[in-house]
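Chemist: Next up is a structure, given as structure tokens.
The values are calculated or read from the model by the stated rules, or taken from the named source; none is laboratory data. The shown structure was predicted, so the numbers you read here are calculated from the model rather than taken from an experiment. Cβ: placed from backbone, ideal geometry, glycine included. Neighbour counts: every protein chain shown. Just the protein is used for accessible areas: all its heavy atoms, side chains included, with ligands, DNA and RNA removed. Shrake-Rupley method; radii C 1.70, N 1.55, O 1.52, S 1.80 Å.
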Amino acid sequence: SIIVVILSVIGNYFLIPLYGIQGAAVSTTLALLAGIIITGIKLYHDYGTFIKLNSVFKILSAGSITFVAGYYLQLSAHLIFTSAQSTLMQITLLGVQYLILGLLYLILLIIFKEITAHDIQLYNQAMPLSWLKVPCHILEK
């Protein structure tokens with residue numbers, strides 16, 4: 001992750017003066033892409049496997065659907081944001097928007113069977129706080 005941060009800072013240094021916020025977005029995207037490639041190489045080196053192409057397709061599909069939903073949610077929420085008087089209200093509405101989109105993404109991954117009951121069991125084993133655990137029967141048939 002340090003490599004990703006360094007690549008992002010270097011990219012931002014060159015691209016922000018030329019392209020502004022779009023330069024920052026491109027720089028961050030390229031740095032994260034490099035991080036994904038490095039992680040993939042490390043996974044292959046350590047475990048002898050890559051992520052399955054089917055999984056990549058499911059994740060990209062869920063992300064794309066969530067992106068489109070977020071775009072339209074942003075357009076409809078624009079009217080609410082402009083009518084909200086306080087900054088605290090705008091921040092709260094933005095948080096609700098992110099929560100909705102995050103849940104949509106999670107639900108899509110479950111529908112696409114990218115998240116399974118076994119994944120939930122692994123999550124629950126790693127989660128020390130009992131109130132953050134997820135019941136596995138949700139995904140069982």
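Chemist: How many residues does the range 10-42 contain that are more than 20 Å from the chain's Cα centre (by Cα) and open to solvent by less than 90 Å² (accessible area, probe 1.4 Å)?
Modeler: Qualifying residue count for the region: 7.
Chemist: Leu7 - would you say it is touching a helix residue (DSSP H, G or I) at 6+ places or on another chain (Cβ under 9 Å) and either loosely packed, with under 11 Cβ neighbours inside 10 Å or over 30 Å from Leu93 (Cα atoms) (or both)?
Modeler: yes
Chemist: Let me ask something else. Which residue, of Ser55, Ser64, is in contact with an Asp or Glu (Cβ under 7 Å, 6 or more places away or on another chain) and not in a loop (DSSP other than H, G, I, E, B)?
Modeler: Ser55
Chemist: Name the single residue that is farthest from Val134 (Cα to Cα) among those in the range 52-111 being of a type in the set (Gly, Ala, Ser) and at pLDDT below 85.
Modeler: Just the residues of the range 52-111 that are of a type in the set (Gly, Ala, Ser), to begin with: 55, 61-64, 69-70, 76-77, 83-84, 86, 95, 102.
Add one more test, that the residue is at pLDDT below 85, and what stays is 70, 76-77, 83-84, 86, 95.
Working: Gly70: 25, Ser76: 32, Ala77: 30, Ser83: 37, Ala84: 35, Ser86: 35, Gly95: 22 Å.
Filtering first and then ranking leaves Ser83.
Chemist: Okay, moving on. Restricting attention to the range 85-130, which residues are farther than 30 Å from Lys52 by Cα and assigned to a helix (DSSP H, G or I)?
Modeler: Thr87, Leu88, Met89, Gln90, Ile91, Thr92, Leu93, Leu94, Gly95, Val96, Gln97, Ser130 - these are the residues of the range 85-130 that are farther than 30 Å from Lys52 by Cα and assigned to a helix (DSSP H, G or I).
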